[in-house]
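Reviewing the structure listed below.
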Amino acid sequence: MKDKIEELIERGIFASRWFLAPIYIVLSISLLFISLKTVQELIHFIPSSMNMDIKDMMLYVLHIVDLALIANLVLMIIFAGYENFVSRIGVADDSEDKPSWMGQVGFSELKLKLIASIVAISGINLLEAFMDLSIITDRDLQWMIIVHITFVVSGVLLALMDLLASKAEKHSP
C-alpha cells in the first residue's frame, strides 16, 4: 500500500513538469510581438531615414540589435527550458533547420548564456543612453551603470561557480 501511494505521488510530481508548458507557449507568442515591434520600428524608420544624422541611425540600429538579442534570448529559453524541464522536442529531430545547439544546452550552459545575453542587452541600452545624454539624467545614467556592472559581476560569479562545480565533479570518486 505504501509503495502504491509513493508511486502515485512520484507520478504526480513527474507529471507536474507539464505546468511549465503554458509558460513556454506564452514565450513563443511573445516572439511574435517582438517581431511585430521590429517591423513597426522599420515602418517608422523608413520615412525619416534620409533625414537622419549618424547618431540617430546608430540609435535605430542599436535598438534593432537589442530586439534581436531579446528575441534570441527568449528562443534560447524556450528551447533549452522546454527540453531540459518538460520534454524533448521530437519534431526538431526530423528538421534540417534544427539549431546545432538545440538539445545540447544544459541548465549550467543556459544560465551562462542567459546572463551573457542580459549583459549584452544591458550594454546596448547603456550605449544607447550614452548616445543621447541630453534626455537622460545623471542619476538615471548612474543607476544604469550600476545595474550593468551588477550583471557583469553576477555573470563572472556564475561562471566561476560553474567552473568550480565542474572541477569538483571531476575530482569526486
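Checked against the criterion of being among the β-branched types (Val, Ile, Thr), closer than 23 Å to Arg17 by Cβ and touching a residue at least 60 places away in the same chain (Cβ under 8 Å), the stretch 92-109 has no qualifying residue.
Screening Ile115 against (1) farther than 28 Å from Ala21 by Cα; (2) touching a residue at least 40 places away in the same chain (Cβ under 8 Å); (3) touching a Leu at 6+ places or on another chain (Cβ under 7 Å) leaves a single unmet condition, (1). One residue is enough: does the stretch 126-136 have a residue meeting the conditions surrounded by fewer than 11 Cβ atoms within 10 Å (Cβ to Cβ), assigned to a helix (DSSP H, G or I), on the phi < 0 side of the Ramachandran plot and in contact with a Leu (Cβ under 8 Å, 6 or more places away or on another chain)? Among the residues of the stretch 126-136, at least one is surrounded by fewer than 11 Cβ atoms within 10 Å (Cβ to Cβ), assigned to a helix (DSSP H, G or I), on the phi < 0 side of the Ramachandran plot and in contact with a Leu (Cβ under 8 Å, 6 or more places away or on another chain), which makes the answer yes.
For the stretch 17-44, what are the residues that are surrounded by 13 or more Cβ atoms within 10 Å (Cβ to Cβ), closer than 30 Å to Leu133 by Cα and either among the aliphatic types (A, V, I, L, M) or more than 26 Å from the chain's Cα centre (by Cα) (or both)? Of everything in the stretch 17-44, just one residue is surrounded by 13 or more Cβ atoms within 10 Å (Cβ to Cβ), closer than 30 Å to Leu133 by Cα and either among the aliphatic types (A, V, I, L, M) or more than 26 Å from the chain's Cα centre (by Cα) (or both), namely Ile34. If only residues of the stretch 62-101 that are polar (S, T, N, Q) and either more than 16 Å from Val119 (Cα to Cα) or in contact with a Leu (Cβ under 6 Å, 6 or more places away or on another chain) (or both) are counted, the one that is surrounded by the fewest Cβ atoms within 10 Å (Cβ to Cβ) is Ser100.
Here, each number is a calculation from the coordinates, and none is a lab measurement. Values in this document were obtained by computation on a predicted structure and should not be read as measured data. Using ideal geometry, Cβ is built from the backbone for each residue, glycine included, and neighbour counts are taken over all protein chains shown.
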